[in-house]
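Taking it in order: structure first as structure tokens, then the write-up.
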Amino acid sequence: MVRTAPHDHSPADAPPLYRRVAVRLLGELREGTFPPGGRLPGERRLAEHFGVSRETVRQALEVLRRDGLLATDRRGSHVALPGPAPQSPASLVFPVGARAAEPRTGDLATVAWEAPSREHAEALGLAPGRPTLVHRYTSATADGSGRRTAVTSFSAVALAEVEELARYRGRADGSASAQLLRAYDWMRGAGLTLHHRDTITRLADTPSVRVVRRVHDQYARPLEITDLLLDARQDALVYEFTLPAAG
């Protein structure tokens, strides 16, 4: 986050503050914090995020609009970056159980650099106590029902070969927003073929269902493991499969 006071003046040889904010925001867009077509937070929230005034944010957004990277309608600004080509199966969305292809009210996602649970460490081939990137995701409707929580741990292979994931290590403090909705696209872009296995278990004496997803690549190397809990009374998981065309 930019730690500049709202009306600080830039040094004479430095780019204007609004341009620096535009560059930072563009970096987050390219990392997939907001997917193509996704809505940006309002000016007030962006101003708090970057530690600047709303006027500075307004100028930064205008720079990105002029470059064709953002579009604006009566509902606000949305990302106009070109998205990746559709992949198959289209239903392989990160994290497992994410309701939609973009953040919504009630969704919260963060990353931390920490030792994962013993189960996750064993699944990823990590030594006990070795830290890695851990993603936490919660989602609920406006009234608090239909709650889902998911914890994902990434392997050393994923962090070594997927540049976009590795960038999060430096700011994985467990508090900054980190919507990694394009994580699977990033893995494919790094030349990895994704194979996943989902185990669904009804928890005894509770209305909850547990889903464990394990993803590995074409060399059988583990990439990530996700542990999802959801309230089965309020919600449902939908699985879609794309079958090869008949020859």
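Using amide H atoms built 1.01 Å from N in the peptide plane, name the residues 5+ places from Ser208, or on other chains, whose amide H lies under 5 Å from its own.
The list, which skips near neighbours in sequence, is Leu203, Ala232.
Take Arg169 and Arg24, extend 7 Å from each Cα along the Cα→Cβ direction, and tell me the distance between the two endpoints in nm.
2.3 nm
Quick one: which residues, 5+ away or cross-chain, put their amide H under 5 Å from the amide H of Leu133? H built at 1.01 Å from N.
Counting only residues 5 or more places away or on other chains, the set is Phe154.
How much net charge surrounds Asp198 when only the other residues with a Cβ under 9 Å from the Cβ of Asp198 are counted, with Lys and Arg +1 and Asp and Glu -1?
Once positives and negatives cancel, what remains is +3.
Per-residue HN-Hα couplings for region 124-130, Karplus 6.51 cos²θ - 1.76 cosθ + 1.60 at θ = phi - 60°, whole Hz, x for Gly and Pro?
Taking θ as phi minus 60°, the curve returns 9, x, 8, 5, x, x, 6 Hz for region 124-130.
Only sites in a loop by DSSP and with at most 15 other Cβ atoms within 10 Å count here; which GluC sites (Glu not before Pro) in region 153-199 make the cut?
Sites meeting the loop and neighbour criteria: none at all.
The numbers here are math on the coordinates, done by the rules we state, and not lab data. It should be emphasised that the depicted structure is a prediction, and the values quoted were computed from it without experimental measurement. With ideal geometry, Cβ positions are generated from the backbone for all residues, glycine too; neighbour counts draw on all protein chains shown.
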